[in-house]
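Shown next, in structure tokens, is the structure this report addresses.
The values are calculated or read from the model by the stated rules, or taken from the named source; none is laboratory data. Just so it is clear, the structure is predicted and the values come from calculations on it, not from any experiment. Every residue, glycine as well, gets a Cβ built from its backbone with ideal geometry; the counts of neighbours run over all protein chains shown. SASA here: full protein model, heavy atoms, side chains in, ligands and nucleic acids out. Shrake-Rupley method; radii C 1.70, N 1.55, O 1.52, S 1.80 Å.
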Amino acid sequence: MLHDVSGVILIGGKSRRMGVDKRFLSLGGQTFLEHVVAVTETVCREIILVSAQAEPGLAKGGHSFVVDEISGTGSFGGVYTGLLHSSSPYVFVVACDMPFLKSTLIEFMSSFRYEFDAVIARIDGQLHPLHGFYSKNCLPYMRKRLEQRQLSIQKICEEKELRVKILDRVDLSCSSEDLLSFFNANTPSDFEFARKILE
């Protein structure tokens with residue numbers, strides 16, 4: 001258990017590409033959201049669910065539920081909101097549509113948190129900012145970009161004042177199966193792919 005890390009789960013996507021609410025798609029006897037919460041709560045001392053709008057009854061198990069501080073700012077606004085409301089100096093941020101999330105990978109990435117303000121993976125050239133660690137030091141820089149409507153969370157890597165660690169395949173040194181932790185299901189074909197992998 002990481003006692004100085006809160007888990008921030010982003011649940012506010014509109015699921016346009018999937019066509020149905022991704023949070024409640026079921027795989028292996030659990031919904032996507034149930035799986036992400038179950039894995040994250042084994043690692044983080046506090047769980048914060050972040051949504052774009054109020055959703056009465058969604059917060060369960062004693063977890064916190066918060067609404068975006070700045071509306072219309074997408075996932076970047078969700079990361080900012082979760083970090084702002086965290087009672088811990090660090091947060092692990094994850095999207096709710098990651099059906100193969102692995103606690104071992106979260107714990108490995110967490111080992112860099114004391115040296116860096118953000119820890120993000122880059123797999124095959126693609127950054128995965130919604131499977132990463134952020135410190136409270138990021139807040140003023142995030143706020144500035146949000147107010148300027150610069151809504152790409154990946155741009156946080158360009159802040160020269162922040163210490164950012166980008167982990168690649170060599171750094172992670174894990175199996176292809178473990179790398180599925182970064183997989184997120186956005187479309188019906190993604191969901192079918194996930195179902196076949198599980199089978």
Item to complete: Report the convex hull volume per residue for the chain, counting only C-alpha atoms, in Å³.
Response: 118 Å³
Worksheet item: Separation between the GLN154 and LYS136 pseudo-spin-labels, each 7 Å from Cα along Cα→Cβ, expressed in nm?
Response: 3.1 nm
Practice prompt. Amide H neighbours of ARG45 under 5 Å, at least 5 residues apart or on other chains, H built in the peptide plane: list them.
Written response: LEU2, VAL5, GLY7
Worksheet entry | Of all DSSP beta bridges in the chain, antiparallel share, percent nearest 5 | 40 percent
Worksheet item: Where a ≥ b ≥ c are the square roots of the eigenvalues of the C-alpha gyration tensor, would you call the stretch 21-134 rounded, which needs a/c under 1.5, or, failing that, prolate if a/b is larger than b/c, or oblate?
Response: rounded
Worksheet entry | the chain - percent relative contact order, Cα under 8 Å, separation 6 or more | 24 percent
Practice prompt. Determine the per residue accessible area of the chain with all protein chains present and a 1.4 angstrom probe, expressed in square angstrom.
Written response: 47 Å²
Worksheet, complete the sentence: Contour minus Cα-Cα span, ALA38 to VAL67, at 0.36 nm per residue, comes to 8.3 nm
Practice prompt. Pairs of lysines 8 or more apart, or on different chains, with alpha carbons under 17 Å: count those in the chain, would you?
Written response: 8
Response to the item:
With a ≥ b ≥ c from the Cα gyration tensor eigenvalues, square-rooted, and the rule rounded for a/c under 1.5, otherwise prolate when a/b > b/c and oblate otherwise, the stretch 124-199 is oblate
Practice prompt. Please report, as a whole percent, how much of the solvent-accessible surface of the chain comes from carbon and sulfur atoms (probe radius 1.4 Å).
Written response: 50 percent
Discussion item. Under the rule a/c < 1.5 gives rounded, and otherwise a/b versus b/c splits prolate from oblate, where does the stretch 67-167 land using the Cα gyration tensor?
Written reply: rounded
